[in-house]
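Enquirer: I am attaching a structure below and will ask some questions about it afterwards.
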Protein chains: 2
Amino acid sequence: MVVVGIIAEYNPFHNGHLYQIRQTRKRFPTATLVVVMSGNFLERGEPAIVDKWTRANEALHCGVDLVIELPVAFCVQPADRFAAGAVLLLREMGVQKLVFGAEHADYDFAALAEKVGTVHGDFSRYNESFAAAYQRVIAEKIGHRVDQPNDMLGLAYAKANREMGNFLELVPLQRMGAAHHATVLAPGKNIASASAIRAQLMQAKTASVNNYVPQQTLNDLAKQQLVSWADFWPLLRYQLLTATHEQLRNFYDVTEGLEFRMKEKLERLPQTADFETWLQAVKSKRYTYTHLARLAVIILLQVTAAEVKHVSEKPYLRLLGFTPAGQQLLNQRKKKVAFPLITRVTQQIRKEQLQVDYRAGLIYELASLRVQDHGRAPLRVGYSLSRESH
Amino acid sequence: MVVVGIIAEYNPFHNGHLYQIRQTRKRFPTATLVVVMSGNFLERGEPAIVDKWTRANEALHCGVDLVIELPVAFCVQPADRFAAGAVLLLREMGVQKLVFGAEHADYDFAALAEKVGTVHGDFSRYNESFAAAYQRVIAEKIGHRVDQPNDMLGLAYAKANREMGNFLELVPLQRMGAAHHATVLAPGKNIASASAIRAQLMQAKTASVNNYVPQQTLNDLAKQQLVSWADFWPLLRYQLLTATHEQLRNFYDVTEGLEFRMKEKLERLPQTADFETWLQAVKSKRYTYTHLARLAVIILLQVTAAEVKHVSEKPYLRLLGFTPAGQQLLNQRKKKVAFPLITRVTQQIRKEQLQVDYRAGLIYELASLRVQDHGRAPLRVGYSLSRESH
């Protein structure tokens, strides 16, 4: 059995993602395709535009066999830790090959990872962001920069794979059609970046993205509440204003006096200031916008350092959905996996494994108005019609 | 110097309040009139419709000489504790007479208080609310019920006064024109209950209350954000969903397992449920709506038991505004008061005395969009025009 993995956010699921799945199927026609997907809060420190069930469902309808939710404790993390969490779950599911998009699909990512090793560069220059310091060290080790977003993620996957004994064959696919961070839709093409699509959607132009997303996504976007930071900003503001410095410091990665800076900047802004304005005010040479946006999610979700540690030490596999082929893989893996396989959220699971994810779900519901975890069973797609549910 | 006190909420300041001030002036023409007023969160467990500065300003323009803010730790309390806090501050300001409205102005409130004594009735019947138990004990002691809202408050003032050595002469005024809890405006009258006026305003009919409030109030209401529970419900919901049972239990008066009941009821309601729906779901024979609404404010403001204790043990006098006559009284009292007189909120005062009030102000600002404490100086009304500020 060939098992191929993809690590994704699908925010939203668009034609570029569909293209990647089709390319994968072309290369590995008999493979079972496993996706580890972020839940409702994402790597760049923002809520997903539609919820995890909707995005998982889209993926399952477009050729994926099994969708596993990456715990939020891994999601809202810099690329290396995000990648390490995702690769760990792929290994547990018996995945042998990892397909990922790259700006330079010709790079030998495994070799690059070998050169980089376990980089713990000198990150103590306080007027330099972690991201910049990391880039500097990488360039020193490899001899050239690796600074395109998908290349960087690919390197992160390769590093995680190396640390877990190189169990994965890395399969970079040349990225097509759109720069990762492009925010404008290019006319005449049918692939655009997720950022560009989101920007368009936030101006309430669902119809205008119809060239860039599959029909299923278009339908979902049209009928659901689209979620953004604007929905959570009042809650984050409330949390920042009421939490003491001690409480803020207790949250994951809120260090180096950021608890003071975050509160102080907020109190000095007019009451009408939005999320971006606040984040720009907090930003410094030391802290990139994205790093701070992640911390903002951490604070919104009230994720403590102890909770992240707990999830890292005791990971689990939360199933969001599967096809018959995915179910076959599940049956095969059931007795081999060391991590708990979570299908339904019982009170016990909610308290033990899923504390953070469940809380994240309750908070996301405040904006999406759709139940996230309580009583939800995995989606089943591609079964005979009478049993299909989505 | 005759100093007369009034305890008020002015939510909003209306013709009934104006009438009370005029009656007081008629009876004590030379008196300095001191008002102890709730800040932005009120005795019945709700936010004030407009902020404390606006309401203090209205009172100062209508004949009051000095407005002192009742700390929120005293405001959001059952009548007895609310009254005890307010009477304590009046004593500190040298007040000799307390004027208050009553449904039965012919009651001898001091004598009633003497009969009631320090009631600590048998409140352990778990299918009976505190309010009902209190009423039962009062009726046993006095021989008749004292169950009209203003009469009850009057009795609470009398009891507080008795416990502080009867330094106040109690001056009940017959209440005019409207039942306390009436929610409909009576045509052809010019006095209506604050509840009726608020209900009308919440349907956005500012003009329709013009018979019932002074011109200054009408202007203020027309130009300001009107605040209600609806503004804070998303924040309370967020707080209830994210706080652990331990954290909730740590808040003032959240006892007897209410922390479980409050969370559980909320999680079972649809995402679109409003504040009232949730409160009705939590309500039981044991807990009245008002008691729970107060706890809701406590949780929203995250007021701990320790914080209430701190304020009770170390009270302070926060000045919201004064006239020249008020300032004269202040000058006279300055050296006699045992409590700190707070005019401006320094960092030190914010940390020591005003922790809860300052936090309450920050939260209220999220809805009112007007700065409440940072950098605010007391209002000065009735000075020569060049110095007047409001």
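The values are calculated or read from the model by the stated rules, or taken from the named source; none is laboratory data. These numbers come from a predicted model, not from an experiment. Note that we place each Cβ from the backbone using ideal geometry, even for glycine, and neighbour counts take in every protein chain shown. Heads up: the accessible areas ignore ligands, DNA and RNA and are worked out on the full protein's heavy atoms, side chains in. Shrake-Rupley method; radii C 1.70, N 1.55, O 1.52, S 1.80 Å.
Enquirer: List the GluC sites (Glu not before Pro) within segment B:1-86 that DSSP assigns to loop and that have no more than 16 neighbouring Cβ atoms inside 10 Å.
Expert: none
Enquirer: Search the structure for amide H atoms under 5 Å from the amide H of A:Arg318, placed 1.01 Å from N in the peptide plane, and list their residues when 5 or more places away or on another chain.
Expert: Placed amide hydrogens put A:Glu69, A:Ile342 under 5 Å from A:Arg318.
Enquirer: Toward the positive end of the charge dipole of chain A, about the Cα centre and with charges on Cβ (Lys, Arg +1; Asp, Glu -1), which of A:Val171, A:Gln280, A:Val137 goes farthest?
Expert: The residue sitting farthest along the positive end of the dipole is A:Val171.
Enquirer: Related question: Treating only the Cβ of Lys, Arg, Asp and Glu as charged (+1, +1, -1, -1), what charge dipole size does segment A:229-305 show about its Cα centre? Round to the nearest 20 debye.
Expert: About 240 debye.
Enquirer: Within 15 Å, Cβ to Cβ, of B:Leu319, how many net charges do the neighbouring residues add up to if Lys/Arg are +1 and Asp/Glu are -1?
Expert: Cβ neighbours under 15 Å give a net charge of +3.
Enquirer: How about segment B:29-134: which trypsin sites (Lys or Arg not before Pro) there lie in a loop by DSSP and see at most 14 other Cβ atoms within 10 Å?
Expert: In loop regions of segment B:29-134 (DSSP not H, G, I, E or B), the sparsely surrounded trypsin sites (Lys or Arg not before Pro) are B:Arg125.
Enquirer: Same structure, new question: Accessible surface of A:Tyr383 in the full protein assembly, 1.4 angstrom probe, to the nearest 10 Å²?
Expert: Estimated to the nearest 10 Å², A:Tyr383 gives 30 Å².
Enquirer: About its Cα centre, how strong a charge dipole does segment B:295-342 have in debye, to the nearest 20, once Lys and Arg get +1 and Asp and Glu get -1 at the Cβ?
Expert: 320
Enquirer: I've got another one for you. Out of the DSSP beta bridges found with both residues in chain B, what percent are antiparallel (nearest 5)?
Expert: Close to 25 percent.
Enquirer: Hey, rough spin-label estimate for A:Arg350 and B:Ala377, points 7 angstrom out along Cα→Cβ, what's it come to in nanometres?
Expert: The modelled label-to-label distance comes out at 5.4 nm.
Enquirer: Continuing with the same structure: Calculate for the protein assembly as shown the 222 nm mean residue ellipticity that helices alone would give, adding -39,500 (n - 2.57) per DSSP H run of length 4 or more and normalising by residue count, nearest 500 deg cm²/dmol.
Expert: The per-residue figure over the protein assembly as shown is -14000 deg cm²/dmol.
Enquirer: Considering just Cα atoms, how many Å³ per residue does the convex hull of segment A:229-305 enclose?
Expert: 78
Enquirer: Then there's this: Excluding residues on the same chain fewer than 8 positions from A:Lys159, give the aspartates and glutamates whose Cα lies under 15 Å from its Cα.
Expert: Partners found: A:Asp80, A:Asp108, A:Glu114, A:Asp151, A:Glu169.
Enquirer: Taking beta carbons within 10 Å but only from partner chains, what does the mean come to for residues A:371-377?
Expert: Mean partner shielding for this stretch: 1.
Enquirer: State to the nearest 20 debye the size of the charge dipole of the protein assembly as shown about its Cα centre, where the only charges are +1 on K and R beta carbons and -1 on D and E beta carbons.
Expert: 160
Enquirer: Another question about this same structure. Which net charge results when you count Lys and Arg as +1 and Asp and Glu as -1 among the other residues whose beta-carbon is under 13 Å from that of B:Arg333?
Expert: Surrounding charge for B:Arg333 is +2.
Enquirer: In chain A, if the dipole is taken from +1 on Lys/Arg beta carbons and -1 on Asp/Glu beta carbons about the Cα centre, which of A:His291, A:Ala192, A:Gly321 is farthest to the positive end?
Expert: Projecting each Cα onto the dipole axis, the largest value belongs to A:Gly321.
Enquirer: Using a 1.4 Å probe on protein heavy atoms only, how many Å² of accessible area do B and A hide from each other, summed over both chains and rounded to 100?
Expert: So the buried area, both faces added, is about 2000 Å².
Enquirer: Suppose R0 equals 51 Å; then what is the FRET efficiency for B:Met1 and B:Asp274 from their Cβ-Cβ distance, rounded to the nearest 0.05?
Expert: So, using R0 = 51 Å, E works out to roughly 0.55.
Enquirer: What percentage of all Cα-Cα pairs in chain B are separated by more than 31 Å?
Expert: For chain B, the share of Cα pairs beyond 31 Å comes to 35 percent.
Enquirer: Please enumerate, by chain and number, the lysines with C-alpha under 23 Å from the C-alpha of B:Lys335, excluding those fewer than 8 residues away in the same chain.
Expert: List returned: B:Lys97, B:Lys314.
Enquirer: Residue farthest toward the positive end of the dipole of chain A, with Cβ of Lys/Arg at +1 and Asp/Glu at -1: which of A:Val209, A:Ala83, A:Ser384?
Expert: A:Ser384
Enquirer: I want the local charge near A:Ala305. Using Cβ-Cβ distances under 15 Å, sum +1 for each Lys or Arg and -1 for each Asp or Glu among the other residues.
Expert: -2
Enquirer: A follow-up question, please. Note the full-extension length gain between B:Asp106 and B:Ile142 as 0.36 nm times their separation in residues minus their Cα-Cα distance, in nm to one decimal.
Expert: So the chain would gain 11.5 nm between B:Asp106 and B:Ile142.
Enquirer: For the protein assembly as shown, which whole-number percentage of the solvent-accessible area (1.4 Å probe, protein heavy atoms only) is attributable to carbon and sulfur atoms?
Expert: Exposed carbon and sulfur together represent 51 percent of the surface.
Enquirer: Taking R0 as 35 Å, what FRET efficiency do you get between B:Gln224 and B:Glu313 from their Cβ-Cβ distance, rounded to the nearest 0.05?
Expert: Calculated transfer efficiency: 0.50.
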